Protein chains: 2
Amino acid sequence: MISESSKRRISESTIHRLSLYYRLLSVLEKESKETVSSKELAEREKLTPAQVRKDLSFFGSFGTRGLGYPVSELKRRIGEILGLDRQWSVALIGVGNIGSALVGYKEFQRQGFNIKLIFDNDQRKIGSNHKGIVVADIKNLEKELRENKIEIVVIAVPATVAQYIVDDVVKAGIKAILNFAPVNLKVPEDVFLRNENMSMELEYLSFALVNLFNGRGTNR
Amino acid sequence: MISESSKRRISESTIHRLSLYYRLLSVLEKESKETVSSKELAEREKLTPAQVRKDLSFFGSFGTRGLGYPVSELKRRIGEILGLDRQWSVALIGVGNIGSALVGYKEFQRQGFNIKLIFDNDQRKIGSNHKGIVVADIKNLEKELRENKIEIVVIAVPATVAQYIVDDVVKAGIKAILNFAPVNLKVPEDVFLRNENMSMELEYLSFALVNLFNGRGTNR
């Protein structure tokens, strides 16, 4: 068990690294590997072993010196803290280019994020079928979100209307929102909002090309 | 100027925070704001002022105690280190759901990432026009990448073929690759590879709902 105070100390970048470890451990589990050392995890993720040990120390002292961590057990514990040991009901708002891509993104479902509802305001899209889900009218947003016990909402609408949409989503009692619109949205303090910015990784690459390039790359 | 040794000490998460500051400074610049304090930057990005000052200390001592940082100058310097003060020639491989969404993603162009070439292996897609770019045959990949002096390649092909594609991209001399396929790709040490994983932010949200939810959110 992780104490409440430890949980609050877990930083955003630690959580992202836990996501990466979880993926790597899933691969190792498939390869029937039973244990993994902090050194090995570090090498695969281009981190220092000390960083890996620090990240995993949140889970208390487990892992055996010289033997490393038990793969399945570590994966299970990280999955638990990331909430990947359960299924989540997700609604998608906006089924343009990015929205359509997200409906087909198998990784979501694999991690337990199930798109249950899709909304749009375009009459030509409402009623159409996307991977088995019939696109609903945005007019019924609040009612549908409540009735279907949606827990997470993904916003993939144009930047100009995103704030209006997010206000309605908040009114429906949703506490977790992932925003793909390139705009800073305002939400109340009790709502978790994350912004997905697809150009951020490109900026890392341009940074690397400008500053780090001397015949060696750095991958993750 | 930033020293070579400083550049090497800049961590991945610092670079991501620089991207966030850059965006925020662009907004402040539009609002004709002349200076901004580390406290203000910290509040907007939900960081500590000490963290902001540490990140910006890479740029040497500028910013005035009591007055803060000059907005346009700080934006310019961050843009410079992120390589956003110039244009980049980008090629996209794979024009399925995610690829199509990326072609229409205006944020790329706004940051100087210009998609110049699009490749696919599907005969029905080759020759078709996507936002003014005619889809090229993947067979001519190496030749076209070289002739068009492409600097960054974005991979949006199915996981099963991604490694073959990336091998050809590397053969063409490309040193920076952004991968959307949900698979760990192998590249030589001298190539920068980044993986875009769109479910990572959802995992942050599920983490937050499971662990942090007590009536207060945490946004960025």
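Side notes on the structure shown:
- Under Stokes-Einstein, with the Kirkwood radius over Cα pairs as Rh, the value for the protein assembly as shown at 4 °C and 1.567 mPa s is 56 µm²/s.
- Straight Cα distances below 13 angstrom link residue A:175 to the aspartates and glutamates A:151, A:167, A:189, A:190, with same-chain residues fewer than 8 positions distant left out.
- 10 Å Cβ neighbours from other chains, averaged over peptide B:96-109: 5
- Charged side chains reduced to their Cβ positions (Lys and Arg at +1, Asp and Glu at -1) give the stretch B:82-154 a dipole of some 140 debye around its Cα centre.
- Theoretical gain in end-to-end length, residue B:48 to residue B:106 [0.36 nm per residue, Cα-Cα removed]: 17.8 nm
- Cβ crowding within 10 Å, taken as a proxy for footprinting-reagent exposure, orders A:146, B:65 from fewest neighbours to most as B:65, A:146.
- For the residues of B:175-187, the average number of beta carbons from a partner chain within 10 Å of their own beta carbon is 4.
- What separates the residue B:51 label point from its copies, with the point 7 Å along Cα to Cβ, is 1.6 nm, written shortest first.
- Long-range HN-HN contacts of residue A:128 with modeled amide H, under 5 Å: A:135
- Here's the picture: charge each Lys and Arg Cβ at +1 and each Asp and Glu Cβ at -1 in the protein assembly as shown, and of A:157, A:109, B:56 the one pushed furthest to the positive end of that dipole is B:56.
- A straight Cα-to-Cα reach below 26 Å connects residue B:75 with the lysines A:186, B:7, B:30, B:33, B:39, B:46, B:54, B:106, residues fewer than 8 places away in its own chain not being considered.
- Span per principal axis, largest first, for the Cα atoms of chain B (Å): 61, 44, 35
- At 7 Å out from Cα toward Cβ: residue A:85 inter-copy label distances (nm, ascending): 5.1
- For chain A, the longest principal axis of the C-alpha atoms and the axis of helix A:159-171 are separated by about 90°.
- Beta bridges assigned by DSSP with both partners in the stretch A:88-195 are antiparallel in approximately 10 percent of cases.
- For the stretch A:78-220, the Cβ-based charge dipole about the Cα centre amounts to some 300 debye (Lys, Arg positive; Asp, Glu negative; other atoms uncharged).
- Gyration tensor verdict on the stretch A:88-195 (Cα atoms; rounded if a/c is under 1.5, prolate if a/b is larger than b/c, oblate otherwise): rounded
- Net charge over other residues, Cβ less than 9 angstrom from the Cβ of residue A:204 (K, R count +1; D, E count -1): -2
- Distances between equivalent label points of residue B:131 across the copies, with each point positioned 7 Å along Cα→Cβ, amount to 2.2 nm, shortest listed first.
- Annotation: amide H of residue B:37 within the under-5 Å range of B:69, sequence separation 5 or more or interchain, hydrogens built in the peptide plane.
- When peptides B:194-206, A:71-83 are ranked by their average number of other Cβ atoms within 10 Å per residue, the highest-first order is B:194-206, A:71-83.
- The stretch between residue B:11 and residue B:143, if pulled fully straight at 0.36 nm per residue, gains 44.0 nm over its current Cα-Cα span.
- Tail weight of P(r) past 17 Å, computed on alpha-carbon pairs of the stretch B:4-82, percent: 39
- In chain A, the DSSP-assigned H stretches of four residues or longer account for a calculated mean residue ellipticity at 222 nm of -12000 deg cm²/dmol, using -39500 (n - 2.57) per stretch and the full residue count as denominator.
- Put a dot 7 Å past the Cα of residue B:29, heading toward its Cβ, do the same for residue A:122, and the two dots end up 3.2 nm apart.
We did not get these values from a lab; they are worked out from the coordinates using the rules stated. All values reported here derive from a predicted model rather than from experimental measurement. Cβ atoms come from the backbone with ideal geometry, glycine included; neighbour counts cover every protein chain shown.
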